[in-house]
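Bear in mind these aren't lab numbers, they're just calculated from the coordinates by the rules spelled out. Since we're looking at a predicted model, the values are computed, not measured. When we count neighbours, we look across all protein chains shown, and the Cβ atoms used for this are built from the backbone with ideal geometry, even at glycine.
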2 protein chains.
Amino acid sequence: MANKSSVVDAECTAKVPIPAEKPFLKTFKSNLKETFFPDDPFRMFKAQSLKQRIILGLQYLIPILQWLPNYNLDFFKSDIVAGITIASLAVPQGISYANLASLPPLVGLYTNFVPALVYAVMGSSKDLAIGNVAVASILFSDMLGKVVSPIDSPREYLSLVFTATFFAGIIEASLGFLRLGFLIDLLSHATIVGFMGGVAVTVCLQQLKGLLGLTHFTHKTDVVSVLHSTFAQTHESNRKPAVFWINAMAPLTSVILGTLLVYFTHAENHGVRVIGHLNKGLNPLSLTDLAFGSPHLSTAFKTGAITAIVVMAEGVAVGRSFAMCKNYHVDGNKEMIAFGLMNIVGSCTSCYLTTGIFSRTAVNFNAGCKTAMSNIVMAIAVMVTLLCLTPLFHYTPLVVLSSIIINAMLGLIKYEEVFHLWKVDKFDFVISMSSFFGVVFANVETGLTIGVTLSLLRLVLIVARPKTFVLGNLPNTMVYRSTEQYQCAQTVAGILILQIEGPICFASSNYLRERVTRWIHEEEDRIKSSGGLSLQYVILDVGGVGCVDTSGISVLEEVKKLIERKSMKLVLANPGNELMKKMYLSKCIEEFGQEGIYPTVAEAVNACTLMLQMNLNPGEVNGDRHNNV
Amino acid sequence: MANKSSVVDAECTAKVPIPAEKPFLKTFKSNLKETFFPDDPFRMFKAQSLKQRIILGLQYLIPILQWLPNYNLDFFKSDIVAGITIASLAVPQGISYANLASLPPLVGLYTNFVPALVYAVMGSSKDLAIGNVAVASILFSDMLGKVVSPIDSPREYLSLVFTATFFAGIIEASLGFLRLGFLIDLLSHATIVGFMGGVAVTVCLQQLKGLLGLTHFTHKTDVVSVLHSTFAQTHESNRKPAVFWINAMAPLTSVILGTLLVYFTHAENHGVRVIGHLNKGLNPLSLTDLAFGSPHLSTAFKTGAITAIVVMAEGVAVGRSFAMCKNYHVDGNKEMIAFGLMNIVGSCTSCYLTTGIFSRTAVNFNAGCKTAMSNIVMAIAVMVTLLCLTPLFHYTPLVVLSSIIINAMLGLIKYEEVFHLWKVDKFDFVISMSSFFGVVFANVETGLTIGVTLSLLRLVLIVARPKTFVLGNLPNTMVYRSTEQYQCAQTVAGILILQIEGPICFASSNYLRERVTRWIHEEEDRIKSSGGLSLQYVILDVGGVGCVDTSGISVLEEVKKLIERKSMKLVLANPGNELMKKMYLSKCIEEFGQEGIYPTVAEAVNACTLMLQMNLNPGEVNGDRHNNV
């Protein structure tokens, strides 16, 4: 079975090797690569000519150069269908969410035009659909609306929105460029589920207030409730094509029906609020609107930062999920750069924050999209709307927009996922619910802060409280497992075998010292009460210890001293490369010596058992040593 | 060898048990205990009568009730010698550090009286010596001196100092009471070494300015330089009694010599600044001075909080180190409560921040202290000084105080430790140096923030980047080890064995998916170039995975899907209790089934090898299965 040349070294299990010294720079480079480039994207560059490398490099940086050369008519047919479908969502949703952000409806349309084009050039996902989202809209409206009123100073408010979008883009692109995407991983799925659920509930309640103001128009309410109940199905309709098409067509259909209803009944003269006049024409440049001199610049920056982090986490996760389904790979950091450029360019062309939207991407996926061309098709459809079709929205009742928002929000209240969290991991459930209640009862920033803080606290606890177990021997084997997990595992007389699973570093060293001491005390108490061979050896299985720092080495030495004061001996089993290296560099290894370190628990137990027998029967040398097979 | 009754279950290695469901409350209680009471201090309460429990409880809460009943004359003799010795340090150092904090010298004396008495009642360490410290003094002077000038408004400044001390005490006591001491562990030793070194350098430079202002008095400079060079020995003189006594007596001796010199030469008339008149009398109450109505209350709170955290980490660490030497245990959280009470009571009796001081504790230890009575003796000596001896300090030159400070500071510049950090763990070295430069080139808050941030970043990286290894078989054994660590480990044809060491949670799940995928790609590339059996099985050794959450379960399922798309199979080896439980609750375990999970890597390899052979030679059933011994 061996792949390497068979150098059978029967002695090679006798000693744990001390790792050879590598030059510091080499180790540093390797660590940097592990941290920032775990997927090794430059693997493909090996063994290529310079010209090839330039081409591959350009294709890596600008993904459209990768898929466009291989584009064909079949792809185009699929992408056209998908693009038109998501455009039918983009137009009503774009206007609705802009309303949520206290922005003019036209800005909602603009926002679904330019950013999608930028993404088609720079983005890695074949399925992601781009547009403005409810979460970002409500965050902007909340945080910016506090410092500048969108009703009293709409021009200034619009400026701040574009400025916040610009900052969001800068932050997204910077994080992506610096390969700091792993920081976004800290926003766990549990946090996002709770946070989004809270935002959804908040938005629904807000929208319902508007809706309920129309209760005396029974037929309006009926239409609304009919539409509402039709849309109260879940959006997770990947497996039900009929439901899928109903859901996909629903927003546009309701807009058309609502507009026709108002037009023919002249309901706008009876108090039904409508969108009103919309200018024709494409996105005006908004470079001059960027309010860098504004006194509210710091608020714009903070808003952009917080919103960017939330939508980026979602957008990258959406791209990855669909890439998994279609079996291709999406680099999170590259996506972040694409999102960043989308928003930077968007902020200069009258667009506000955009990202990848889950529900729209699901529609795009189910409608059969093949490449990011679907976003270009959608953008062109929006362009046509802007150039020719805006008068059609004159009579569209705002209540239809509310129902579109509510429908989308209901899809964000993922009670099944929350129940799954409760079942599988209660800490995740607590994080999720805390985030939810923070959003609902305080505000979105509070909810997000609570979620992130609890997640960080969980990380700290993971590192600060490594798991420890008592190991016992599985009968008739050389295998040692946790006595808590395997009921049949039997402890060895006179020897306490402990396993440490986790890092021995500054955060955990005090805890480990106390915990190991306590294990020893408990074992001594047990022996005292039940009788039996007194404890003479403590074996620490450190195979699960991935990381050690100077505090960790210190605590190992302290524990050794504590154990030796009790006339016992400490033995290490299965130390990894990093632990061996640090022990060697700190000279700690000399205190353990050859009889203090073994590559397996079994060998350590054998050696200690032999010593025990020699101590019990000093005259005899017991040849009954277990053989290593 | 077996301790448990010999239920030899030859089959017990065949299956990994699914942990029995425990009531949530029981698990929650057990986790809380692990997190907050790792040393299980209530162990002694078992099997005790109610009266005994009350007595033990009181002794636990008020440590003096534990050692005072067993006090005897021998202890008292040792404690008197130690107490007088540390009092000879307390008086000059107390006045010097008060000077550093821009406080009147009397406050320095007050501060070495009351808090030591409180510690003697509430503290757990037998060796810890209490007093004011340079770090706290300079933090107060820096942070509070920014908002209120100690020269222009000394009364208001003093109020703020007492208020900050009060808040520090509240925070210390609260953290201790809530058993949140593990948060202080996050202030790693590397951070503290760098931070303290930076503070020491800053203080020395400040003091040297004062000293250099006297260069035209050659004999003064000579005396100073002579004293200075005498004291420039290291304080780490635990093994050199002669040097120890010189160092211990040096501050008081220099005060006496300096005072006599000024007195006889009337140097105070020639520009040498002296302490001047000090009132006789004990600590006045300062309750009314607590400035809760001040506009600078938030600064006082912030100062108290930051200072408390820094000195608490040091104080607890000092207590623990000496407890290790004398082989007794000190509960960090109880010490924090003691420090908190010390400062709360102190703030009401004209004392500012105090804590356990390393150098003074070393003197106490070497002078032979037996219990915290040494602190009471020291306090009484300071009381006598306050009541009778303050006129003696009238002619003490301030330059002597500066030299005392510089001498103490030099002991804080631990270049040997920094070199040790460089040798053993470069990340710790970077944290240390960043903290150092932050303090020296910016200010103390910046240095501390940098140190803590880098430490937290290290924690995040530990969790977000678990280690992964390729495992190979150690010849002639059933043992599988990392091929990187053991050169003789041989990989198995057709099977890729990966080990994951670290948590599979939200912070690491994306990374692990990318990394495992990359290992598979690299193995496929290697097989393609070198020829050999194509990869058909991937075995994940998850024995080192301590923590799993819902994101972790998701990523396991994703990796399984990815592997199955390549027509390979994923097998898990040695999952722990937590992983099995979460897989069971999330129904993920059904996807793996019995042929997907094994208790050891060896068994997994055996099973896969058998399947490989059956695939290669479908007609034959190969009976050559490795036996589990």
- Please report the relative contact order for segment A:422-474, taking Cα pairs under 8 Å with a sequence separation of at least 6, and give it as a percent rounded to a whole number. 23 percent
- Message: Please compute the length gained on full extension between B:Arg43 and B:Leu285, using 0.36 nm multiplied by the number of residues separating them and subtracting their Cα-Cα distance.
- Response: 83.0 nm
- Query: So how tilted is helix A:373-384 from the main axis of chain A? Cα-based, degrees 0 to 90, rounded to 10.
  - Reply: 30 degrees
- Query: Using bins 10 angstrom wide from zero, how does P(r) for segment B:462-618 break down, in % of all Cα pairs?
  - Reply: 11, 42, 37, 10, 0
- Query: In terms of the ratio Rg/(2.2 N^0.38 Å) built on C-alpha atoms, what value belongs to segment B:77-159?
  - Reply: 1.23
- Given C-alpha coordinates of segment A:441-501, what is the ratio Rg to Rh with the Kirkwood estimate of Rh? 1.37
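Report D for segment A:91-212 in µm² per second (integer): Stokes-Einstein, Kirkwood Rh on Cα pairs, 37 °C, 0.692 mPa s. Show your work: numbers first, answer last.
Working: Rh = 16.1 Å.
Stokes-Einstein gives a translational diffusion coefficient of 204 µm²/s.
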- Under unit Cβ charges (Lys, Arg +1; Asp, Glu -1), what dipole magnitude, rounded to 20 debye, does chain A have relative to its Cα centre? 840 debye
- Have a look at A:Val148, A:Val479, A:Asn70 and report the one farthest towards the positive end of the charge dipole of chain A, computed about the Cα centre with Cβ charges (Lys/Arg +1, Asp/Glu -1). A:Asn70
- One decimal, nm, nearest first: from B:Leu456 to the same residue in each other copy, label points 7 Å out along Cα→Cβ, the values are 0.3
- Item | Charge dipole (debye, nearest 20) of the protein assembly as shown; +1 at Cβ of Lys and Arg, -1 at Cβ of Asp and Glu | 400 debye
- For segment A:322-438, what is the Kirkwood hydrodynamic radius in Å, using each pair of distinct C-alpha atoms? 18.1 Å
- Round to the nearest 0.05 the FRET efficiency obtained for B:Asp74 and B:Ile18 when R0 = 41 Å and r is the Cβ-Cβ distance. 0.10
- Does anything in segment B:484-524 have its amide N under 17 Å from the 7 Å Cα→Cβ label point of A:Arg53, and if so which residues? none
- Between segment B:517-583 and segment A:24-98, what is the C-alpha centre distance in whole Å? 26 Å
- Among the listed pairs A:Lys467/A:Lys528; A:Lys467/B:Lys29; A:Lys26/B:Lys426; A:Lys528/B:Lys334, give every one whose C-alpha distance is greater than 19 Å. A:Lys467/A:Lys528; A:Lys528/B:Lys334
- Item | Label geometry 7 Å along the beta-carbon vector: A:Leu387 inter-copy distances in nm | 10.0
- If the viscosity is 0.890 mPa s and the temperature 25 °C, what Stokes-Einstein diffusion coefficient in µm²/s follows for chain B when Rh is the Kirkwood radius over Cα pairs? 86 µm²/s
- Query: For the pair B:Lys209 and B:Asp525, how long in nm is the line joining their label points, each one 7 Å along Cα→Cβ?
  - Reply: 5.9 nm
- Item | Cα pair distances exceeding 14 angstrom across segment B:420-471, given as percent | 59 percent
- For the rotation that brings chain B onto chain A, whose beta-carbon in chain B is nearest the axis, and what is that distance in whole angstrom? B:Gly544, 2
- Between A:Met249 and B:Lys302, the two model label points (7 Å from Cα along the beta-carbon direction) sit apart by a distance in nm of 6.1 nm
- Rg/Rh ratio calculated on Cα atoms of segment A:239-374 (Kirkwood radius): 1.05
- Item | Total charge dipole magnitude, segment B:360-485, about the Cα centre, Cβ charges on Lys, Arg, Asp, Glu only, Debye to nearest 20 | 280 debye
- Query: What percent does the relative contact order of chain A come to when contacts are Cα pairs within less than 8 Å and at least six residues apart?
  - Reply: 21 percent
- Distance histogram in 10 Å bins (all Cα pairs of the protein assembly as shown, percent per bin): 2, 8, 15, 17, 17, 15, 13, 8, 4, 1, 0, 0
- Query: For segment B:391-461, how big is Rg over Rh, using alpha carbon atoms and the Kirkwood form of Rh?
  - Reply: 1.20
- Please report, to two decimal places, log10 I(q)/I(0) for segment A:485-573 at q = 0.14 Å⁻¹ as given by the Debye formula with identical point scatterers on the Cα atoms and no solvent. -0.51
- Query: Taking Rh as the Kirkwood radius computed over C-alpha pairs, what is the Stokes-Einstein D of segment A:468-518 at 10 °C in a medium of viscosity 1.306 mPa s, expressed in µm² per second?
  - Reply: 133 µm²/s
- Query: Which whole-number percent gives the relative contact order of segment B:478-569, counting Cα pairs below 8 Å spaced six or more residues apart?
  - Reply: 39 percent
- Message: Among A:Gly281, A:Leu117, A:Ala101, whose Cα projects farthest towards the positive end of the dipole of chain A, with charges put on the beta-carbon of Lys, Arg (+1) and Asp, Glu (-1)?
- Response: A:Gly281
- Message: Over the Cα atoms, compute the radius of gyration (one decimal) and Dmax (the largest Cα-Cα distance, rounded to a whole number) for segment A:143-196, in Å.
- Response: 15.3, 41
- Quick one, can you get me the convex hull of the C-alpha atoms of segment B:385-513 expressed as volume per residue in Å³? 236 Å³
- Item | Pair-distance profile P(r), taking every C-alpha pair of segment A:398-437, with 5 angstrom steps and integer % | 6, 22, 21, 16, 13, 10, 8, 4, 1
- Compute the label-point distances linking B:Arg526 to its equivalents in the other copies; points lie 7 Å from Cα along Cα→Cβ; give nm, one decimal, shortest first. 4.1
- Note on the structure: With label points set 7 Å from each Cα along the Cα-to-Cβ direction at B:Phe292 and B:Ile256, the distance between them in nm comes to 4.7 nm
